[in-house]
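The values are calculated or read from the model by the stated rules, or taken from the named source; none is laboratory data. The model shown is predicted, which means the values in this text are computed figures rather than measured ones. In this analysis, Cβ positions are derived from the backbone assuming ideal geometry, glycine residues included, and neighbour counts consider all displayed protein chains. Protein only, heavy atoms only, side chains kept; ligands, DNA and RNA dropped before computing areas. Shrake-Rupley method; radii C 1.70, N 1.55, O 1.52, S 1.80 Å.
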Amino acid sequence: IKSTAYDRINSKEPKARLLAIQTLSLTDPDPTTEKLIKSAFATTEGPTRGYLVYTMKALKIGNLKSYLQPLLTDPICGSIAFAALLESPTAEDRACAESSYSSANEVPKSALNAYLQSKNPEHVRKFLILVRDRKVPANYQASPLMYPLLCSPEMRAQLCDTISKTHNRQIVPSLMFGLPTKKDSTTLDLLRRLAVDPDPEIKKTALQLLN
């Protein structure tokens, strides 16, 4: 499969090229694949670039800053470029992703989603810290049940801490559904406090979960 994709990744036929890129995203990473993906990126324009960036992310390719930093503000590829940098094994790439929002008034939705959707526990933990400490878009919501890692026991203390301390109160009701169904004393204490919260949606959700 790889050899066929290698042959077609520089094809002049757009469909063949796209299929080759999509195929490589499902394979195991290796130096030859990384080299070909980066080479194709340098000679590709238009929507196909997005598929190349997705493949960089899927294969956790490193040393991407020079390729992807210019795309971080792109309305089409910006989100996937951020995610690819975040999942990179190269520290400079991850720092590049973080620096893209460090001085912003609020953390953009694309960055929040990249942390939340990651399979890296430290990135999910970072999502909770950002929601706790930074301003997020007013309409931003999370759906914990879609992300098992967010609901996992290892995240429970951080999740409770974020729910308790965040000033982004609009996100609290959705985060509360990430709390365990079998509630320990810490979770029960948190829900009891939230059951008298002045925000009606938070109060309603807390009472629902207590019952």
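The sole residue among Leu18, Leu52, Leu26, Leu59 that is in contact with an Asp or Glu (Cβ under 9 Å, 6 or more places away or on another chain) and of a type outside the set (Lys, Arg) is Leu59.
The residue that is surrounded by the fewest Cβ atoms within 10 Å (Cβ to Cβ), among those in the stretch 1-27 that are under 22 Å from the mean Cα position of the chain (by Cα) and outside any helix (DSSP H, G or I), is Leu26.
Just need a number here: residues in the stretch 183-194 that are surrounded by fewer than 17 Cβ atoms within 10 Å (Cβ to Cβ) and farther than 14 Å from Arg156 by Cα. Residues flagged as surrounded by fewer than 17 Cβ atoms within 10 Å (Cβ to Cβ) and farther than 14 Å from Arg156 by Cα within the stretch 183-194 amount to 2.
Of the helices (runs of 4 or more DSSP H) lying entirely inside the stretch 28-83, those containing at least 1 residues that are modelled with pLDDT of 95 or more and acidic (Asp, Glu) span 31-42. Looking only at the stretch 157-173, residues that are under 18 Å from Ser118 (Cβ atoms) and not aliphatic (A, V, I, L, M) come to 2 in all. Of all positions in the stretch 100-110, at least one carries a residue that is among the aromatic types (Phe, Trp, Tyr) and within 21 Å of Ala83 (Cβ to Cβ). Somewhere in the stretch 60-78, is a residue at positive phi and under 15 Å from the mean Cα position of the chain (by Cα)? There is at least one residue in the stretch 60-78 that is at positive phi and under 15 Å from the mean Cα position of the chain (by Cα). Within the stretch 33-40, none of the residues are acidic (Asp, Glu), open to solvent by less than 10 Å² (accessible area, probe 1.4 Å) and out of contact with any Asp or Glu (no Cβ under 8 Å at 6 or more places or on another chain). Being open to solvent by 40 Å² or more (accessible area, probe 1.4 Å) and among the aromatic types (Phe, Trp, Tyr) holds for only one residue in Tyr101, Tyr54, and it is Tyr54.
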